[in-house]
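Coordinate-derived values only; no laboratory data. The shown structure was predicted, so the numbers you read here are calculated from the model rather than taken from an experiment. Methodologically, a virtual Cβ is constructed for each residue, glycine included, from the backbone with ideal geometry; neighbour enumeration extends over all protein chains shown.
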């Protein structure tokens, strides 16, 4: 099942069911108006949405319309939790090395996660506004899951069973603000402005065999100003799978329905696959040339993030954003 | 105006208006059912709630009932943002010194804030569940504000105008998990389990002249197992006022209606006022005796946090929690 949230002028938008091929959509009213409402009452509402999804895919839905990603808010325009991990160790190693930071001793045994801002997400085609390019504007292409209720102390296997939906994320990061902010000891805040999510959120079955062991075994494609930047396998170097990330997040408290958990920047040991953020490319340049050669983003730059299934079709639709100067 | 959220078995509870003396309450249905709904549409809904509040205070509300704090969830049982600051420098200095951490160079010019978990708050009289006492269970008595929409780049003065409500918070902290977690560089996560909030949230006018310059100039009273632990003036040593904390939080992104911003543990240079968390008392003992002498909390311990107005009456009702072993 594929779900999206259409802009309607309200804070939470309007829930729509989207066909598997992303060609058509249908308002879910009569079943639910908002995605959070569905997550709050998943077992009752999701079968009704699945029925509508089947009808829509069969071309039999009465009020179907052409699906337009530009009309989408983030599937959850605001959420009660956005827990972003950093599960790809090549990313952690390269980026920390580049900023001269130590690698945590527990890197391979204890997931890195941070609590992100979740009150104001960007839609997949919304402009990304920043006050200045001097802050080092960078994208981070990620996968993310939306959970149901997860009890405190859940095991990774139990946590995997709590995953309701998957999305793509663009976790905008202001690189030049990171070192000073992390040096204060309290983690990211100003260096992590509003995150964007893909047009649709999908149930795990939409990924078929590519969803396995809590990982998505497909390449995540990122392009920058129309040029391919990364085509990075999201499965092979994901050291901690989503069940492990969720279990880490609920070790001392429960997670409640609608919590979003991110993978961190998708990365591969195989540098030929490219990168999912500029910081990593700069780190590789440092290693090869002794200096970074790629500048961070400028106003007017565009970023596109997409993941295609084994059939070559877009699973989530594309995140396509333009960097703009904040009004 | 004083607002609370009554338990009704749902995730968001039921909005009630509470009389100034906390003696009676009245369901707000007909106006709004949930506090977030009011914050989303404050200018339209809050005057209607104010009218009900006036009627209730006059003893003329038709369906008033006795107010029971034990029936309360947190005023916002879940929120889209919980941004906790650390605005009292005596707390920062004592606690960091005690764990051998450096003081940030920017301590006096750049507020410390972290993004807290906001999907699952505790009610004021809910038990606080923890897996083990070995994690160093500690309370932190704080003030918190709830904002309306705050644009990116708002000044401290503009940010002050966006404050809708004030509350008390008990920001439970697992002290023994803090050093290793902060050493990883991404800030608090497992060391900050679910936070509790006071029975009622109040509009700033309820504090009268004590609400001045973005600070609450009244003592915050904390007791532990029935014994007074702190009676700490919340105004004098709050280095960054709430407008400054909010402005810091919205420097690179907007904050949306219903965001909660916390003061951090209320603290005073005057040690005779006591403390608002055990970690600070231990830090003072280290300085005086060379070792901490007060153990962190045990299962069965109780904590009470309350703030009284200039008239001696409780403003927010009391947070009264018992530490219990997680099921």
Discussion item. Pairs of alpha-carbon atoms within less than 8 angstrom and 6+ residues apart define the contacts here; what relative contact order does chain B have, in percent?
Written reply: 23
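By the gyration tensor of its Cα atoms, with a ≥ b ≥ c the square roots of the eigenvalues, what is the shape of region A:261-327: rounded for a/c under 1.5, prolate for a/b over b/c, or oblate?
Oblate shape, in that a/c is at least 1.5 and b/c is the bigger or equal ratio.
Suppose we take every Cα in the protein assembly as shown and form the convex hull; what volume per residue is that in Å³?
Cα-based convex hull of the protein assembly as shown, divided per residue, equals 147 Å³.
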Worksheet item: Given Cα pairs under 8 Å that are at least 6 residues apart, what percent is the relative contact order of region A:1-136?
Response: 24
Item to complete: Calculate, in nm to one decimal, what residue A:132 and residue A:7 gain on full extension: separation in residues at 0.36 nm each, minus their alpha carbon distance.
Response: 42.2 nm
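Only Cα pairs under 8 Å and at least 6 apart count here; give the relative contact order of region A:198-263 as a rounded whole percent.
Contact order relative to length: 22 percent.
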Worksheet item: Taking chain A as a Gaussian network, where each spring joins two C-alpha atoms under 10 Å apart, which residue of A:81, A:249, A:23 fluctuates the most?
Response: A:23
Worksheet item: How far is residue B:106 from the same spot in each other copy, in nm, shortest first, if each label point sits 7 Å from Cα toward Cβ?
Response: 2.6
Worksheet item: How many Cβ atoms of partner chains, on average, are near each residue of A:115-127 if near means within 10 Å of its Cβ?
Response: 5
Worksheet item: Dividing the alpha-carbon Rg of region B:1-139 by 2.2 N^0.38 Å yields what?
Response: 1.35
Discussion item. If I model a spin label as a point 7 Å beyond the Cα along the Cα-Cβ vector, how far apart are those points for residue B:21 and residue A:231 in nm?
Written reply: 7.6
Worksheet item: Say R0 is 30 Å: what FRET efficiency, to the nearest 0.05, do residue A:70 and residue B:161 get from their beta-carbon distance?
Response: 0.30
Worksheet item: Using a ≥ b ≥ c from the Cα gyration tensor of region B:68-196 (square roots of the eigenvalues), is it rounded, prolate or oblate, where a/c under 1.5 gives rounded and otherwise the larger of a/b and b/c decides, a/b for prolate?
Response: oblate
Worksheet item: Using a Gaussian network model of chain A with C-alpha springs under 10 Å, which one of A:237, A:311, A:110 is most mobile by mean-square fluctuation?
Response: A:311
Discussion item. Need the C-alpha centroid separation for region A:56-90 versus region B:204-282, integer Å.
Written reply: 39
Practice prompt. Mind running the shape call on region B:130-263? Use the C-alpha gyration tensor, a ≥ b ≥ c as the square roots of the eigenvalues: rounded below 1.5 for a/c, prolate if a/b tops b/c, oblate otherwise.
Written response: oblate
Worksheet entry | Residue of B:58, B:273, B:36 that the Gaussian network model of chain B assigns the largest fluctuation, springs spanning Cα pairs under 10 Å | B:58
Worksheet item: For region B:1-50, what is the convex hull volume of the alpha-carbon atoms per residue, in Å³?
Response: 65
Worksheet item: Just for chain B, what percent of DSSP beta bridges are antiparallel, to the closest 5?
Response: 90
Discussion item. Going 7 Å from Cα along the Cα-Cβ axis for the label, what nanometre distances separate residue B:58 from the same residue across the other copies?
Written reply: 6.1
Practice prompt. Enter the mean number of other protein chain beta carbons within 10 Å of the beta carbon of each residue in A:151-157, as an integer.
Written response: 2
Worksheet entry | region B:99-148-region A:142-170 distance, computed between alpha-carbon centres (Å) | 24
Worksheet item: Using the 10 angstrom Cβ neighbour count as an exposure proxy, how do A:71, A:152 rank, fewest first?
Response: A:152, A:71
Worksheet, complete the sentence: Expected integer from the mean partner chain Cβ neighbour count at 10 Å over A:76-88 is 4
Discussion item. Return the chain B residue and its Cβ-to-axis distance, rounded to the nearest Å, for the rotation relating B to A.
Written reply: B:187, 1
Discussion item. If I model chain A as equal point scatterers sitting on the Cα atoms and use the Debye formula, what is log10 I(q)/I(0) at q = 0.13 Å⁻¹?
Written reply: -0.92
Worksheet, complete the sentence: With a Förster distance of 60 angstrom and the Cβ-Cβ distance between residue A:60 and residue B:271, calculated FRET efficiency to the nearest 0.05 equals 0.20
Practice prompt. Starting from the coordinates of the alpha-carbon atoms of region B:214-280, obtain the Kirkwood hydrodynamic radius over all distinct pairs and give the value in Å to one decimal.
Written response: 13.3
